[in-house]
Amino acid sequence: MNAAHAGIAAFDWSATPLGARAAWPAPLEAVFGMMLATPVAMCATWGPDGTLLYNAAYAPFLAKRHPAALGQPLHEVWADVWADIGPLVARVMAGEAVSFADMPLVMTRSGHEEETWWSFAYSPLRNDDHITGFLNIATETTAGVVAARERDAAQAQLIKRNIALEQEIVARREAASRLAAVIEHLPVGICLFDMDGQAILNNPVFRTFVPDFSPTDTVQRAWEDWCGYDVQGRLLAPENYPSARALRGELVAPGEEFLRRAPDGTHTWVAISAVPLIDSAGEQAGIILVFDDIDQRKRILLD
């Protein structure tokens with residue numbers, strides 16, 4: 001667990017307009033839990049003050065604004081660029097899904113300033129059918145932009161198509177199933193379970209990792225054909241799997257490394273995170289499992 005993630009997960013929200021996390025409404029808790037568990041850069045606002053929440057992957061985007069930006073009004077955090085993003089925020093708070101591509105930012109990530117590009121998709125968040133904030137999914141597009149400049153315009157067109165698809169996904173969300181739609185289209189595998197280990201909801205990426213997974217399956221079914229390893233490379237016992245630890249109330253993020261052995265004999269490395277789901281009464285209602293494909297970079301390290 002890196003320092004940014006640990007600080008965000010342990011942040012005391014009681015002094016912010018959102019109040020203590022134990023008393024949060026279920027939609028806010030679910031969105032924040034999903035943000036904590038995913039490696040995709042995300043931020044969100046909630047409430048009339050536009051109170052800002054974000055995950056560790058988003059923290060570098062804030063640079064020196066982190067961690068003071070947690071729980072602060074969005075318009076104060078981004079005061080220097082509010083003239084640019086304020087109108088976009090107004091549109092999304094009016095119910096419109098908004099996306100834009102390849103915003104340049106100068107960031108210090110390796111001890112020196114470097115030029116980077118980022119793309120964003122904004123979508124409204126609702127509580128009891130009222131828009132009370134928005135979700136921002138941020139993606140770094142530096143490699144694509146540089147490649148397009150150096151080689152040809154094909155890569156740039158691919159990026160635009162990806163952003164257009166992301167916008168289309170956001171636009172299709174319906175108010176009654178907004179959280180389910182967000183989960184459905186995330187680029188990582190997501191599955192929600194209740195406290196009995198019964199599956200509640202999962203997305204297509206999850207089902208690529210666990211083929212033929214059905215709505216009646218339990219968390220034990222998710223672990224068939226898997227072997228998990230701790231940071232020292234030792235084989236994990238089932239009681240130390242992310243799902244078991246999350247059902248005991250632990251936050252498991254970043255994820256543990258697992259090796260899946262498919263029936264056809266192929267092997268795939270996946271990082272699996274887990275986060276408890278807390279209801280509005282402060283009681284644990286279930287868990288979220290997040291499956292992130294790390295096979296390519298893992299095999300590079302092993303070679």
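The values are calculated or read from the model by the stated rules, or taken from the named source; none is laboratory data. All figures in this text were calculated on a predicted structure; none of them were measured in a lab. Cβ: placed from backbone, ideal geometry, glycine included. Neighbour counts: every protein chain shown. For the accessible areas, the whole protein counts, side chains as well, though only heavy atoms, and no ligand, DNA or RNA atoms are used. Shrake-Rupley method; radii C 1.70, N 1.55, O 1.52, S 1.80 Å.
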Self-check item: Asp230-Ala83 pseudo-label distance in nm [points 7 Å out on the Cα-to-Cβ vector]
Solution: 5.6 nm
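With a 1.4 Å probe and every protein chain kept in, tell me what percent of the accessible surface of the chain is carbon plus sulfur.
On the way: 7910 of 14740 Å².
Heavy-atom surface of the chain belonging to carbon and sulfur, 1.4 Å probe: 54 percent.
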Self-check item: Förster radius 22 Å - calculated FRET efficiency between Ala147 and Glu115 (Cβ-Cβ, nearest 0.05)
Solution: 0.95
Quiz item: Using 0.36 nm per residue, how much length does the chain from Arg221 to Ala68 gain when fully extended, once their Cα-Cα distance is taken away?
Solution: 50.9 nm
Practice problem: For His75 paired with Asp196, estimate the spin-label separation in nm (one decimal), with each label point 7 Å from Cα along the Cα-to-Cβ line. | Solution: 4.8 nm
Exercise. Determine the distance separating the Cα centre of region 27-76 from the Cα centre of region 80-97; give it in Å without decimals.
Key: 16 Å
Quiz item: Over the chain, how many percent of alpha carbon pairs lie in each 10 Å bin up to the one with the longest distance?
Solution: 6, 26, 35, 25, 9, 0
Exercise. Would you mind getting the accessible area per residue of region 228-283, heavy atoms of the protein chains only, 1.4 Å probe, in Å²?
Key: 49 Å²
Self-check item: Simple spin-label estimate for Arg297 and Arg21 in nanometres, 7 Å along Cα-Cβ
Solution: 2.4 nm
